[in-house]
Amino acid sequence: MPATGVIGVPDGGKLVAQDLDVAISRYKLRNGLTVIIRERHSSPLVAVNVSVNAGLINDPDDLVGMSRLTRYMVLKGTAKRPGAAVDRDVARLGGILSSEIGYDLTSYSLIAPSESYQAMVELLADLIQNPAFNPDDVKGAAQLALLESRREQDEVDRAAIEKLFATAFTANRLKRGSAVSDAFPSRATRDQAMAFYQNFYHPANTVVTIVGDIFALKALGQIQLNFGDFKKATVNQSQQPAQQPAQQSAQQPASTPGATKTTAANSKPASTPADGKSANQAADQSADKAANQRSGQSGIRNA
């Protein structure tokens, strides 16, 4: 296995497998996390994407919208970075934080200058592993999930896909559709969102993709260091909500068919094409987009 030069890698972050070719390197960590790295030195940017294999089809039948709610709660911050602190950290990096959800995938992506790579990984690792799940944020996040669903149902392409699935399937969850009910904000609870998180947000169900102006071994070392302690939560594990300051803000690229994208700050969803990209293709596209759009630009782009 290659030596990354990083000292103090947790046991779960140690390499157990690797698959190298000319352009793309793929690694597997002991805790089950998959890491995909592609070096692209054409522009001084790097995109880090964390994709969780869970989406709209994983919603409980009686709580459609739970995957959306969990995504918004993850982006609400951690004990270390409560509320608006996430926005401030992203702005300090000169980056763009965004998130997408599809039928079977939820992703969180951060694009910034490659010199900020270490801090980028630290921020994403904190968000994914230590979401605060503050009870005071649940109702607002559930309302955002409802509004996001309503917007999708107004899109002709999305409505056509939903009708196709309803006709084509007999027992598959895709037949049920993904529309969130008006009662969802009043029914959803912190414990339900945490249960969804604990069930699906774990390293064996997660892929981290890095594309950009970074050397593979350096990129891998920081992932090992920051995601090495990532593990599947036990069913009875609970997290104490962080004490939130008075001012808060929510935030929100791998895409799947029917994916919905949210870009920090202020969790304003924007429609994205249903093109079925894989995790590494999505991060690759993000790096290209950033290179084209960020001539001398820094800070967070508002949706």
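The values are calculated or read from the model by the stated rules, or taken from the named source; none is laboratory data. What you are looking at is a predicted structure, and each value in this text was computed from that prediction instead of being measured. As a convention, Cβ positions derive from the backbone with ideal geometry for all residues, glycine included, and neighbour counts pool all protein chains shown.
Can you spot a residue in segment 216-225 that is modelled with pLDDT under 95 and more than 19 Å from Leu110 (Cα to Cα)?
yes
Here's the yes/no breakdown for (1) closer than 21 Å to Ile128 by Cα; (2) out of contact with any strand residue (DSSP E or B) (no Cβ under 7 Å at 6 or more places or on another chain):
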position: Phe169; (1), (2): no, yes
position: Val180; (1), (2): no, yes
position: Arg187; (1), (2): no, yes
position: Asn199; (1), (2): yes, yes
position: His202; (1), (2): yes, yes
position: Thr209; (1), (2): yes, no
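Return a yes/no flag: does segment 54-65 have any residue that is charged (D, E, K, R) and in a helix (DSSP H, G or I).
No, segment 54-65 contains no residue that is charged (D, E, K, R) and in a helix (DSSP H, G or I).
Answer yes or no: is there a residue in segment 195-214 that is closer than 24 Å to Leu63 by Cα and over 16 Å from the mean Cα position of the chain (by Cα).
Yes, some residue in segment 195-214 is closer than 24 Å to Leu63 by Cα and over 16 Å from the mean Cα position of the chain (by Cα).
If the requirement is being at pLDDT below 95, of a type outside the set (D, E, K, R) and outside any loop (DSSP other than H, G, I, E, B), which of these qualifies: Ala193, Ala171, Ala204, Ala160?
Ala160
Could you count how many residues in segment 16-42 are crowded, with 17+ Cβ neighbours inside 10 Å and either in a loop (DSSP other than H, G, I, E, B) or at pLDDT below 95 (or both)?
Residues in segment 16-42 being crowded, with 17+ Cβ neighbours inside 10 Å and either in a loop (DSSP other than H, G, I, E, B) or at pLDDT below 95 (or both): 4 in total.
Pairs please, first residue from segment 224-240 and closer than 24 Å to Ala119 by Cα, second anywhere and modelled with pLDDT under 95 and aliphatic (A, V, I, L, M), Cβ atoms under 7 Å, 6+ apart in sequence or on different chains.
Cβ pairs passing all conditions: Gln224/Val6; Gln224/Val9; Leu225/Val6; Leu225/Val9; Gly228/Val9.
Any residue that is aliphatic (A, V, I, L, M), surrounded by fewer than 24 Cβ atoms within 10 Å (Cβ to Cβ) and more than 11 Å from the chain's Cα centre (by Cα) - is there at least one of those in segment 94-113?
no
Among the residues of segment 68-84, what is the count of those that are under 20 Å from Ala188 (Cβ atoms) and not in a loop (DSSP other than H, G, I, E, B)? Outline the logic, then answer.
Filtering segment 68-84 down to residues under 20 Å from Ala188 (Cβ atoms) leaves 68-77, 83.
Those left that are additionally not in a loop (DSSP other than H, G, I, E, B): 68-74, 77.
Counting residues in segment 68-84 that are under 20 Å from Ala188 (Cβ atoms) and not in a loop (DSSP other than H, G, I, E, B) gives 8.
Of Glu148, Glu115, Glu100, which residue is modelled with pLDDT of 95 or more and within 19 Å of Asn226 (Cβ to Cβ)?
Glu115
For the list (1) modelled with pLDDT of 90 or more; (2) farther than 21 Å from Ser67 by Cβ, I need the number of the one condition that Ser249 fails.
Among (1) modelled with pLDDT of 90 or more; (2) farther than 21 Å from Ser67 by Cβ, the lone unmet condition for Ser249 is (1).
One residue is enough: does segment 133-147 have a residue meeting the conditions out of contact with any Ser or Thr (no Cβ under 8 Å at 6 or more places or on another chain) and closer than 21 Å to Ile223 by Cα?
no
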